[in-house]
1. Taking residue 193 as meeting all but one of (1) more than 16 Å from ligand 1 (Cβ to nearest atom); (2) under 15 Å from residue 124 (Cα atoms), write down the number of the exception.
2. Mind checking which helices (runs of 4 or more DSSP H) fall wholly inside the stretch 95-174 and carry at least 2 residues that are more than 27 Å from residue 203 (Cβ to Cβ) and modelled with pLDDT of 95 or more?
3. Can you report the number of residues in the stretch 341-353 which are in a helix (DSSP H, G or I) and either crowded, with 16+ Cβ neighbours inside 10 Å or on the phi > 0 side of the Ramachandran plot (or both)?
4. Across the stretch 225-234, which residue is nearest to residue 149 (Cα to Cα) among those that are assigned to a helix (DSSP H, G or I) and either away from ligand 2 (no atom under 14 Å from the Cβ) or not assigned by TED's automatic domain parsing to the domain that holds residue 80 (or both)?
5. Of these, 163, 197, which one is surrounded by fewer than 23 Cβ atoms within 10 Å (Cβ to Cβ), closer than 22 Å to residue 216 by Cβ, more than 14 Å from ligand 2 (Cβ to nearest atom) and in the same structural domain as residue 258 (by TED's automatic domain parsing)?
6. Go through the stretch 235-252 and count every residue that is without any contact (Cβ under 8 Å) to a residue 40 or more places away in the chain and part of a helix (DSSP H, G or I).
7. Could you say which residue among 113, 118, 175 is under 16 Å from the mean Cα position of the chain (by Cα), more than 16 Å from ligand 2 (Cβ to nearest atom) and buried (at least 24 other Cβ atoms within 10 Å of the Cβ)?
8. Could you tell me whether the stretch 92-101 includes any residue that is within 23 Å of the chain's Cα centre (by Cα) and buried (at least 17 other Cβ atoms within 10 Å of the Cβ)?
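The values are calculated or read from the model by the stated rules, or taken from the named source; none is laboratory data. Source: prediction; values computed, not measured. Every residue, glycine among them, receives a Cβ derived from its backbone with ideal geometry; neighbour counts consider all protein chains shown.
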Ligand SMILES: [Fe+2]
Ligand SMILES: [Fe+2]
């Protein structure tokens, strides 16, 4: 699933959070994903967070109709509009138009890094529905969740897929340097993962928005493929989220079922709309692409290198009245150093990178700094230097080879944790007891680990055995 930016909600600006125990969304993100934190504590914080977020939403401003049948038609229209806009995009490209999202590989890398926190919790907003596994009302939502988890296959688990994508490109370390605002939407999703039962209409509303096909997904998928990058993660969201029989379809079916059961339908729709509006909290993909700027990413890469770099240069190695070690001594100096390299023409932006002495130092095999920057970092530096030099430039060919998720091998059988779980399952006296033993292993922090994948497969076998037969 992908973030769908269809509604026009004005509450999406980043709000620094002041809760008692946590200071930032990044810390809350790690709080929810900390395996040592008991679930009741997560549920308590979830209720606080959701109350705060939902309180700030004004339901009449949300363009979702008031009746399920109208909602279904409205979503269909939105879907058609996005498909038409995608066709227009393709026509522009076929007529010789430039890429509209990712000018170069580094812009795609910048995007992949910035959306990583939200991709690392893909599907999480439905975790709270699992405890209702015996209630047929929840079967669509639970099936979506299990499919987000790849039905227990590492190759198909969306979080594993994204982790694998970033590690194959050697980009995972850059996620660590992301600003707090990139953790806002993922924290909302994790709050929904641990939402108390009264928030079910909001969960359904959020899911309804998130499972629709957004235009940015179609274009991102196209341009990532065009740049020679692995786009499987994005492609899978175009196929399994489809409105005909995929997640978008299931999300509408879940809404219709829950609506038919709701005692107070007006209140249900209002809560549904609030949940839907949570899709627009924080930064969305389109906004991230639009605001892409490589300079902050370059600064982060240099600051990261400076941690070691400030200690290893010879003190005779000087640049504009200061030693390189001094230039690298703190974050502010690193930024100044980067500017100095440009002022002194060691980096000539807007020209072919081979014209820059700094590039020669880091890229040529005989260069004194060869090997300091990874292939991914070199790609980002290359595109940053060449940025304005787009017409005659030959593309840099150092993109890390695509590593398919098939290479990702999980050893299902070596985990002592899993052996302990298997033992507990053997001792359980009923299917109900077994299922309840499995559920915690499908939590957002756990489901993509070997035991979580195994538990997901077992749970799918209990609840939807026919789904597993289809993939065998
Ligand atoms: Fe997904
Ligand atoms: Fe989905």
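1. Of (1) more than 16 Å from ligand 1 (Cβ to nearest atom); (2) under 15 Å from residue 124 (Cα atoms), only one is false for residue 193: (1).
2. In the stretch 95-174, the matching helices (runs of 4 or more DSSP H) lie at 105-114, 158-168.
3. 2
4. First, the residues of the stretch 225-234 that are assigned to a helix (DSSP H, G or I): 225-226, 232-234.
Checking which are either away from ligand 2 (no atom under 14 Å from the Cβ) or not assigned by TED's automatic domain parsing to the domain that holds residue 80 (or both) leaves us with 225-226, 232.
Details: 225: 24, 226: 27, 232: 15 Å.
My answer is 232.
5. Numbers: 197 fails: closer than 22 Å to residue 216 by Cβ.
When all the criteria are applied, what remains is 163.
6. Quick first cut of the stretch 235-252, residues without any contact (Cβ under 8 Å) to a residue 40 or more places away in the chain only: 235, 238-239, 242, 244-246, 249.
Still in the running and part of a helix (DSSP H, G or I): 235, 238-239, 249.
Final tally of qualifying residues: 4.
7. Values: 118 fails: more than 16 Å from ligand 2 (Cβ to nearest atom); 175 fails: buried (at least 24 other Cβ atoms within 10 Å of the Cβ).
Going through 113, 118, 175 in turn, the sole match is 113.
8. At the first step, the residues of the stretch 92-101 found to be within 23 Å of the chain's Cα centre (by Cα) are 99-101.
This time we only want the ones that are buried (at least 17 other Cβ atoms within 10 Å of the Cβ), so: 101.
Yes, that holds for at least one residue.
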